[in-house]
Structure formats: C-alpha cells, structure tokens
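**Q** Before I ask anything, let me first share the structure, which is written out below as structure tokens.
The values are calculated or read from the model by the stated rules, or taken from the named source; none is laboratory data. All figures in this text were calculated on a predicted structure; none of them were measured in a lab. Note that we place each Cβ from the backbone using ideal geometry, even for glycine, and neighbour counts take in every protein chain shown.
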Amino acid sequence: MLNKEFVELLVGEKKMYPQAQLIDYFKVIFQACYGPGHGISNYSAAREYYLNEFALLDSDQSEQNCMIQDLSYPNGFYRVNLAAVKQELISRDELFEGFVHSSKIKCDSCQFDQLWAKAVRFVVEELGINEDKDSLESITRFFTSGSFPSHSNFYRKHYSPHYRLLYREFIPERLLRLL
C-alpha cells in the first residue's frame, strides 16, 4: 500500500498533467526520492545546457505550468519551472546554484524498486494510466542498465517541461509561498 503522501503526489500529477504517460509517473517518483543527483557530472556542461534551455523555453506553455511543484515527500525536493526566472520569483543564478547544491544531497531512504512496484499498480488501476510499450521499455532499461528515462514525447510536446529540481533549503520564500 502506498502512503498518503505518495498518493497525493500521484493524484496531483494526474490533475496537473492529465495526459502524462506511465514513464512520466516513474520520473516524478524517482525525482521525489532522489532529487537531481543524477543530473550533474560536469558543472560547465550543466551550466551551458541550463542557459541554452532558456532559449528553448516556450513562454506561453511553460507559464501555464505551475512555477513550483511539491515533490517533497520523502526527501524535500521540488520542481522549479524555469519560467519562474522570467517572473522574477528566483534569479537565474539562484536557480542554477540551488540545482547544483541540491544535486549533492545524497538520498538513500527510498527503496525505489519496491516503491515503484506499488506505485505502478496505483497509477494503472486507480488513475487509469495505460502501460504503454515505450514507457515499459524505458523503465526496463532503467532497471537493467541505469539509463535514466526522459519524459514521454507526448508530455514534452504538450507540457513543455523546463524545470530544475531543488532541495527545500535552496528555494526562496517568495517562491515557496506559491504552494
């Protein structure tokens, strides 16, 4: 049985992104458990990618998404939309440095494979999400080779996700007040 906080996370994801695929739920659970620890192996390359992503930012679509999404259970991480920089809720440097510092936080309190086994049943049976072939292949690749999956093509096309994961202590209060 999933605990209340994870059920709320998954139901909230369904409300915010009703067309999300199974792989998108996998990703949000992984991010809630481990944050951005997988995201930075080279500081300079990560910064360049981050800065280039602003050029890709579809303002209209990104601003329709929430500026901050609570993934805090169990380890205190949040998704912060890059559009929050445009709205002056956080500076470009604050967001990137918060991401860098957040990536150094080691979280091993999740037994991810066991949690996912419970979550996938809930997502499929209770939320009515299909077990599509692409999602299942990406999830299998993750468990067999550690290859971290991306959002589904549908999710990227319709929701234009541009965010960084930040640990709670690196998020300004003005942004947290939006929750």
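**Q** Of the residues S147, S160, S135, S152, which is of a type in the set (S, T, Y), within 16 Å of Q69 (Cα to Cα) and within 18 Å of the chain's Cα centre (by Cα)? Full working, then the answer.
**A** On the way: S147 fails: within 16 Å of Q69 (Cα to Cα); S135 fails: within 16 Å of Q69 (Cα to Cα); S152 fails: within 16 Å of Q69 (Cα to Cα).
Selected residue: S160, the only one of S147, S160, S135, S152 that is of a type in the set (S, T, Y), within 16 Å of Q69 (Cα to Cα) and within 18 Å of the chain's Cα centre (by Cα).
**Q** Ok, one more. Which is surrounded by 12 or more Cβ atoms within 10 Å (Cβ to Cβ) and at pLDDT below 90, of F142, F122?
**A** Checking each option against the conditions leaves just F142.
**Q** Moving on to the next point. When segment 94-137 is examined, which residues are found to be of a type in the set (S, T, N, Q) and over 10 Å from L22 (Cα atoms)?
**A** Scanning segment 94-137 gives S102, S103, S109, Q111, Q114.
**Q** If I ask for residues that are among the aliphatic types (A, V, I, L, M), touching a Leu at 6+ places or on another chain (Cβ under 7 Å) and modelled with pLDDT of 90 or more, which ones from segment 33-75 would you list?
**A** If the condition is that a residue be among the aliphatic types (A, V, I, L, M), touching a Leu at 6+ places or on another chain (Cβ under 7 Å) and modelled with pLDDT of 90 or more, then M67, I68, L71 are the ones that fit.
**Q** Continuing with the same structure: Assess whether S91 counts as being polar (S, T, N, Q) and within 17 Å of the chain's Cα centre (by Cα).
**A** no
**Q** Here's something else I'd like to know. Which of the residues spanning segment 28-47 are closer than 19 Å to M67 by Cβ and out of contact with any helix residue (DSSP H, G or I) (no Cβ under 7 Å at 6 or more places or on another chain)? Spell out how you get there, then give the answer.
**A** Keep residues of segment 28-47 that are closer than 19 Å to M67 by Cβ, which gives 28, 31-32, 35-36.
Hit for segment 28-47 is Q31, nothing else.
**Q** Across segment 83-109, which residue is nearest to R177 (Cα to Cα) among those that are crowded, with 23+ Cβ neighbours inside 10 Å and not small (G, A, S)?
**A** I90
**Q** I'd like to check something: does segment 49-68 contain any residue that is out of contact with any helix residue (DSSP H, G or I) (no Cβ under 7 Å at 6 or more places or on another chain) and buried (at least 16 other Cβ atoms within 10 Å of the Cβ)?
**A** no
**Q** Step by step: first the residues of segment 80-119, then only those that are basic (K, R) and in a loop (DSSP other than H, G, I, E, B), then the one that is nearest to Y163 (Cα to Cα). Which residue is that?
**A** In the first step, residues of segment 80-119 are kept if they are basic (K, R); the result is 86, 92, 104, 106, 118.
Retained after the next criterion (residues that are in a loop (DSSP other than H, G, I, E, B)): 104, 106.
Details: K104: 18, K106: 20 Å.
Per the criteria, the residue is K104.
**Q** Let me ask something else about it. Give all pairs with beta carbons closer than 6 Å in which a residue from segment 150-173 that is under 21 Å from K15 (Cβ atoms) and in contact (Cβ under 8 Å) with a residue 40 or more places away in the chain meets a residue that is assigned to a helix (DSSP H, G or I) and among the hydrophobic types (A, V, I, L, M, F, W, C); count only pairs at least 6 apart in sequence or on separate chains.
**A** Pairs found: S152/I23.
**Q** Looking at the structure I just gave you, is E13 surrounded by fewer than 16 Cβ atoms within 10 Å (Cβ to Cβ), in contact with a helix residue (DSSP H, G or I) (Cβ under 9 Å, 6 or more places away or on another chain) and among the acidic types (D, E)?
**A** no
**Q** Continuing with this model, one more query. Give the residues of segment 10-28 that are without any contact (Cβ under 8 Å) to a residue 40 or more places away in the chain and over 12 Å from the mean Cα position of the chain (by Cα), sorted by residue number.
**A** K15, P18
**Q** May I pose another question? Of the residues that make up segment 124-147, is at least one of a type in the set (A, V, I, L, M, F, W, C) and more than 22 Å from M1 (Cα to Cα)?
**A** Here is the first cut: in segment 124-147, the ones of a type in the set (A, V, I, L, M, F, W, C) are 124, 127, 129, 136, 139, 142-143.
Keeping just the survivors that are more than 22 Å from M1 (Cα to Cα) gives 142.
The answer is yes, given that some residue of segment 124-147 is of a type in the set (A, V, I, L, M, F, W, C) and more than 22 Å from M1 (Cα to Cα).
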